[in-house]
1. Among the candidates Glu15, Glu29, which residue alone is among the acidic types (Asp, Glu) and buried (at least 16 other Cβ atoms within 10 Å of the Cβ)?
2. When only residues in segment 16-32 that are in a helix (DSSP H, G or I) and not charged (D, E, K, R) count, which is nearest to the chain's Cα centre (by Cα)?
3. Here is a check on your reading of the model: is Val320 within 26 Å of Phe242 (Cα to Cα) and over 30 Å from the mean Cα position of the chain (by Cα)?
4. Do we have Glu554 as touching a Ser or Thr at 6+ places or on another chain (Cβ under 8 Å) and part of a helix (DSSP H, G or I) here?
5. Going through segment 531-551 one residue at a time, which ones are farther than 15 Å from Thr498 by Cβ, in a helix (DSSP H, G or I) and in contact (Cβ under 8 Å) with a residue 12 or more places away in the chain?
6. Could you tell me which residue of segment 26-49 is farthest from Gly76 (Cα to Cα), considering only residues that are in contact (Cβ under 8 Å) with a residue 12 or more places away in the chain and of a type in the set (A, V, I, L, M, F, W, C)?
7. Of the residues that make up segment 318-334, is at least one open to solvent by 40 Å² or more (accessible area, probe 1.4 Å), closer than 29 Å to Arg384 by Cα, of a type in the set (S, T, N, Q) and at pLDDT below 90?
8. Give segment 404-419 a look and list any residue that's open to solvent by 40 Å² or more (accessible area, probe 1.4 Å), in a helix (DSSP H, G or I) and not acidic (Asp, Glu), or say none.
Amino acid sequence: MAEIVQQRIEDRIPELEQLERVGLFTRKEVKAMVKKVSALEYKLHRRIISKEDFITYIQYEVNVLELIKKRRSRIGYTFKREEIEFTIIHRINNVFRRATAKWKDDVQLWLSHIVFCKKWNTTTQLSKVFSSMLAIHPDKPAFWIMAAKWEMEDRTSSESARLLFLRALRFHPDNQKLYQEYFRMELMHAEKLRKEQKALEQAKMDLGQYEFSEEIMKAELARVIYKDAIQKIKGADFLLSFLSIARLFDFTKEMQDEILQDLQSLHADDPLTWDFMAKRELEAESLPSPEHESKQTKALEVGRREERCCAVYEEAVTAVPTEAMWLRYVTFCYERFKRKSNNEELKQKRREKALAVFQRAHELSLLAESLYKQWLQVLLAVGRTESAAEVAVAAARRFSQSLDTWQSCLQVLVSVRSHDVPTLFEEALAHIKPKESLPLWLLRVEWTEETQSLEDTEAFFQKGLLSLVPAISVAMKEQYLDWCYRTGGVKKAKKVFTSLQESRPFSLAFFQKMIKIEKEQETCKMQNLREYYERALREFGSEEDNLWLDYIKEELNHPQGKPENCGKIHWRAMRVLQGERVERFI
């Protein structure tokens with residue numbers, strides 16, 4: 001191993017001599033480099049090698065390259081690059097090659113090599129890296145796209161990029177991204193040829209010696225790719241992705257029309273097709289308007305476009321009367337309703353249209369569950385509280401197994417102060433699984449505290465405390481203790497704590513709440529705090545290291561505390577805590 005390392009160091013001598021001779025490095029720096037490189041070389045030639053050693057070696061060499069670049073710029077010296085930089089770059093590429101041969105599956109290593117080659121413009125080496133990487137990782141479409149993009153954009157070789165895409169499609173015949181990027185590449189190539197031809201014509205040069213294929217410039221190859229793609233991969237969204245790419249090029253008008261025709265013929269029953277065709281009306285070109293067009297005129301134009309959109313949606317829900325289609329229609333109307341406008345007439349039109357569409361979808365039982373919440377927001381925003389209450393109840397009964405719908409329903413009823421709240425709370429608890437019903441209990445607590453008498457609130461808490469679901473019982477204990485303190489003061493809170501402190505299950509927050517209540521009193525007694533801490537530690541001492549620390553701090557800082565107890569508490573904590581908690585506590 002020593003002989004190999006020595007040989008590597010000797011191979012560097014011409015390069016180091018040049019660095020010193022031209023004044024980029026001092027003799028002292030060269031000696032330091034030899035020492036550092038020797039250590040790095042020994043690590044690369046050990047019997048058991050690690051990836052980290054290779055990365056460290058590469059990073060050191062790259063840092064040297066960057067330093068040379070900065071010093072060249074500072075002293076203005078631009079010669080001897082072949083003897084200095086080129087040898088370092090060649091060495092780094094060799095180390096990368098060894099690393100990727102050893103750890104073939106490390107994608108990040110391959111990508112780092114590519115980034116290095118691009119930065120230092122080693123085109124030949126980069127071509128070899130891509131070839132090796134694709135041979136080992138043909139299952140990753142992103143690598144094929146990266147290689148083809150490099151061939152097209154950096155090497156301006158459309159033929160090589162085309163071959164790479166064709167090879168990639170043999171491995172991934174159903175990959176959408178490959179087809180999309182291949183399609184984009186052919187359009188870019190066609191655009192490039194068109195620009196070149198135009199530039200030559202403007203310069204009045206003879207075009208005979210140049211080959212400009214009419215088929216390629218008319219994007220016929222791109223059309224072939226598109227046709228092949230939609231035969232293998234179905235879906236309106238995939239087809240629309242080709243349209244969005246074609247729109248980026250100004251010579252693809254015929255192709256865009258063809259894609260639209262295919263969309264309407266192949267996916268006539270797809271809601272996405274109708275949604276796209278409707279929203280096109282918003283983008284439709286209008287007649288040229290004066291520069292100083294009034295806001296009223298603009299609002300009227302927007303209103304007319306929205307009416308055309310709605311006309312297409314009306315045709316859609318007639319042709320495809322499904323929940324998915326109504327979802328698109330309702331979402332469009334809701335989004336237009338939310339848009340800000342200073343024109344009252346336009347705002348009123350949007351509001352009425354949104355409410356009418358919500359109502360129709362609801363009557364047909366084709367309104368999606370997620371849209372009821374938006375409908376309620378619209379009704380409340382326009383002040384129709386009674387209608388909001390009716391819709392909330394209807395939604396909850398239609399989706400009676402949905403916790404989110406019941407929550408939205410009850411929140412609306414609480415906000416409009418409906419008299420049906422108690423009945424619907426009971427109905428909700430009857431339909432929702434007990435283990436999932438905690439949010440309903442917490443909502444009922446808020447409503448009860450605000451609107452009911454102390455006796456009714458007390459009775460509700462007692463019912464909650466007896467729940468067989470641990471999460472509900474625990475939450476009710478915390479809420480009950482807090483409510484008792486707010487309504488009956490510290491005496492009632494202590495009485496409730498004493499009655500519940502042996503009634504499992506508990507949460508740490510229950511005890512912490514009682515500790516907080518005690519500390520808020522003018523005459524905070526350390527004796528009471530010790531009692532609460534000790535009771536909490538009996539339940540959570542093995543899990544909560546912070547609880548032990550808080551207890552120690554209390555003994556240290558409280559006027560009635562006993563600092564001599566801290567050692568005992570520490571000793572107990574070390575015995576009770578387990579695993580990582582002991583380390584955190586220490």
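1. Step by step, each of Glu15, Glu29 is checked, and only Glu15 is among the acidic types (Asp, Glu) and buried (at least 16 other Cβ atoms within 10 Å of the Cβ).
2. So the residue we want is Ala32.
3. yes
4. So Glu554 fails the test.
5. Scanning segment 531-551 gives Tyr533, Leu537, Glu539, Phe540, Asp545, Leu547, Trp548, Leu549, Asp550, Tyr551.
6. Restricting to residues being in contact (Cβ under 8 Å) with a residue 12 or more places away in the chain and of a type in the set (A, V, I, L, M, F, W, C), the top hit is Ile49.
7. Within segment 318-334 (the criterion being open to solvent by 40 Å² or more (accessible area, probe 1.4 Å), closer than 29 Å to Arg384 by Cα, of a type in the set (S, T, N, Q) and at pLDDT below 90), the answer is no, since none of the residues qualifies.
8. Correct list: Gln407, Gln411, Ser415.
The values are calculated or read from the model by the stated rules, or taken from the named source; none is laboratory data. What you are looking at is a predicted structure, and each value in this text was computed from that prediction instead of being measured. FYI the Cβ positions are ideal-geometry reconstructions off the backbone, even for glycines, and counts take in every protein chain you see. Heavy atoms of the whole protein, side chains included, go into the accessibility calculation; ligands, DNA and RNA do not. Shrake-Rupley method; radii C 1.70, N 1.55, O 1.52, S 1.80 Å.
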